[in-house]
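Take a look at the structure below.
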Amino acid sequence: MTFPEHTVEKIGGTSMSRVRELRDTLFIGDRNGADLYHRVFVVSAFGGITNLLLEHKKTGEPGVYALFANDDSDHGWLDALSRVAKAMSEAHAAVLENQGDRALAEDFVRERIEGARSCLFDLQRLCSYGHFRLSSQMMIVRELLSGLGEAHSAFVTTLMLQREGVNARFVDLSGWRDEIERSLEERIASGFGDVDLSCEMPIVTGYAQCREGLMREYDRGYSEVTFSNIAAYTKAKEAIIHKEFHLSSADPALVGEAAVRKLGHTNYDVADQLSNMGMEAIHPKAAKILRQSKVALRVTNAFDPEDPGTLVDDQPAQSPAVEIITGLDVVALELFEQDMVGVKGYDATALEALRRHNVRIASKSSNANTITHYVEASLKTVRRVISDLEKSFPSADISARSVAVVSAIGRDLSGLQSFSAGLQALEKADIDVIAAQQTTRNVDIQFVVPRDAASDAIVALHEELITKSAMTHFDKAA
């Protein structure tokens, strides 16, 4: 099937909570007639809903999924599901002005919530028999619950736009009550089978139920994977991610609104480095899909629709430059063994222990007798890893401490002497540098600093490597 030239655009949960504003700018604005179309919108759940359905992304506070997984017969998950229904009602009441639309949204929430409630009850009853294990079904439960949030926001957004005269179409990829098992491509093909992009605006769920099981591999990054696969399948002219901020040279809250500069243009190399530092422009697997499909990505500020945002493609930089400074809180896990020199197996054993405890590695370094992994995990989890390693290497000295990795990132850092300039800037700011490294690919430099100095390090590096560098370049050009 072929589609007319179009864009596929994704809106995140925080922005979805302000969807009424987006109606008047992003969705409609000054467009009318045919100009409204040739756009596909993939939406996340309204802000906070997925946290209530699963668990809070930052605090870990349990939602329906976490309570159901640890149910000790007090059925706390039932109360949590009721809280989800209430939060959904409050979300669409703030979006929909027409009473008839609100009634339709209430019916939609009631049908989905009651369906999920019945499903979970039935599953509990089934697993009360010895032949069935609840643990083997928990990933399916996680996917079922996730889909509720995106289906709700997509349905409500469709109602809102239809009320404004837009021929919006709800495309539900969540597989609700679908008896056919489909691959992701088949699910997308089914959802878009009779969609006419020249006169319809598809509002698509960010979650897609499929044979591959998106959450098993991507967990809560699934919506960007759905988005990129739709862009690849429909051969979109451009894939656009609308965030609530511009992709900038640093966090404006740290370095100041006046100091930061919008990137404007970068490449997938930089996007991958940002992802590794916990500042995702796009999930790396989603970026890979777009890159291989030769679909350019654009990251925009949803609330600044006149600005073209930042284009992310596969093109190299026209000239070397540091583009962004960002930081990540990590734990430095250090394995020291005097007899490590020339002996294989230490690193493999450490990696296996980290994998077993589901610990993500942000960076690593090593020398003759020391391997240090900078990991994104709690000290409690890292101590479990240490316990495993001490059994494997009883004579090794294994330690952990909380630090931060602050990184200077750019498409091409060659010839800039940013490494030495960064060290000097941190020394001038009286910040202790625990470790530092620059890889041969010349796309990032990492400075390991005390965790409580991370913000000051970002400010100092931004001033030296971006602000001063730009001024020097301007003076030379003049």
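As an exercise: evaluate ILE113 against (1) part of a helix (DSSP H, G or I); (2) open to solvent by 40 Å² or more (accessible area, probe 1.4 Å); (3) of a type outside the set (Lys, Arg) and give the number of the one condition it does not meet.
With (1) part of a helix (DSSP H, G or I); (2) open to solvent by 40 Å² or more (accessible area, probe 1.4 Å); (3) of a type outside the set (Lys, Arg) applied to ILE113, the lone miss is (2).
Taking the range 307-336 only, how many residues are under 26 Å from LEU254 (Cβ atoms) and among the charged types (D, E, K, R)?
Qualifying residue count for the region: 3.
Is there a residue in the range 256-264 that is under 20 Å from ASP329 (Cβ atoms) and open to solvent by 10 Å² or more (accessible area, probe 1.4 Å)?
no
Quick check: is even one residue across the range 73-87 within 18 Å of THR205 (Cα to Cα) and in a strand (DSSP E or B)?
No - not one qualifying residue is present in the range 73-87.
Per-residue answers, yes or no, for (1) open to solvent by less than 10 Å² (accessible area, probe 1.4 Å); (2) in contact with a Cys (Cβ under 8 Å, 6 or more places away or on another chain):
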site	(1), (2)
GLU181	no, no
ARG187	no, yes
GLN209	no, no
SER228	yes, no
TYR233	no, no
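Looking at the range 334-347, can you tell me whether even one residue there is open to solvent by less than 20 Å² (accessible area, probe 1.4 Å), within 21 Å of ALA404 (Cα to Cα), in a strand (DSSP E or B) and not acidic (Asp, Glu)?
Taking the range 334-347 first, the residues open to solvent by less than 20 Å² (accessible area, probe 1.4 Å) are 335, 337, 340.
From what's left, within 21 Å of ALA404 (Cα to Cα): 335.
Now drop any that are not in a strand (DSSP E or B), which leaves 335.
Remaining after also requiring not acidic (Asp, Glu): 335.
Among the residues of the range 334-347, at least one is open to solvent by less than 20 Å² (accessible area, probe 1.4 Å), within 21 Å of ALA404 (Cα to Cα), in a strand (DSSP E or B) and not acidic (Asp, Glu), which makes the answer yes.
Name the residues in the range 374-415 that are touching a helix residue (DSSP H, G or I) at 6+ places or on another chain (Cβ under 8 Å), open to solvent by 60 Å² or more (accessible area, probe 1.4 Å) and outside any helix (DSSP H, G or I), would you?
SER395
So, in the range 365-396, how many residues would count as being touching a Ser or Thr at 6+ places or on another chain (Cβ under 9 Å) and farther than 26 Å from MET279 by Cα?
5
Within the range 148-169, can you find the residues that are open to solvent by 10 Å² or more (accessible area, probe 1.4 Å) and under 18 Å from ILE49 (Cα atoms)?
Answer for the range 148-169, where residues must be open to solvent by 10 Å² or more (accessible area, probe 1.4 Å) and under 18 Å from ILE49 (Cα atoms): just PHE155.
When the range 57-115 is examined, which residues are found to be without any contact (Cβ under 8 Å) to a residue 60 or more places away in the chain, aliphatic (A, V, I, L, M) and under 14 Å from LEU148 (Cβ atoms)?
If the condition is that a residue be without any contact (Cβ under 8 Å) to a residue 60 or more places away in the chain, aliphatic (A, V, I, L, M) and under 14 Å from LEU148 (Cβ atoms), then ALA80, LEU81, ALA85, ALA87, ALA105, VAL109, ILE113 are the ones that fit.
Find the residue count for the range 45-65, including only residues that are of a type in the set (Gly, Ala, Ser) and at pLDDT below 90.
Of the residues in that region, 1 qualify.
Give the residues of the range 287-310 that are open to solvent by 30 Å² or more (accessible area, probe 1.4 Å), over 18 Å from the mean Cα position of the chain (by Cα) and either aromatic (Phe, Trp, Tyr) or within 21 Å of ILE230 (Cα to Cα) (or both), sorted by residue number.
Within the range 287-310, GLN292, SER293, LYS294, PHE303 meet the criteria.
The values are calculated or read from the model by the stated rules, or taken from the named source; none is laboratory data. Keep in mind the model is a prediction, meaning the values are calculated, not measured. We place every Cβ from the backbone using ideal geometry, glycine too, and count neighbours over all the protein chains shown. Accessible surface is based on the protein model in full, side chains and every heavy atom, while ligands, DNA and RNA are left aside. Shrake-Rupley method; radii C 1.70, N 1.55, O 1.52, S 1.80 Å.
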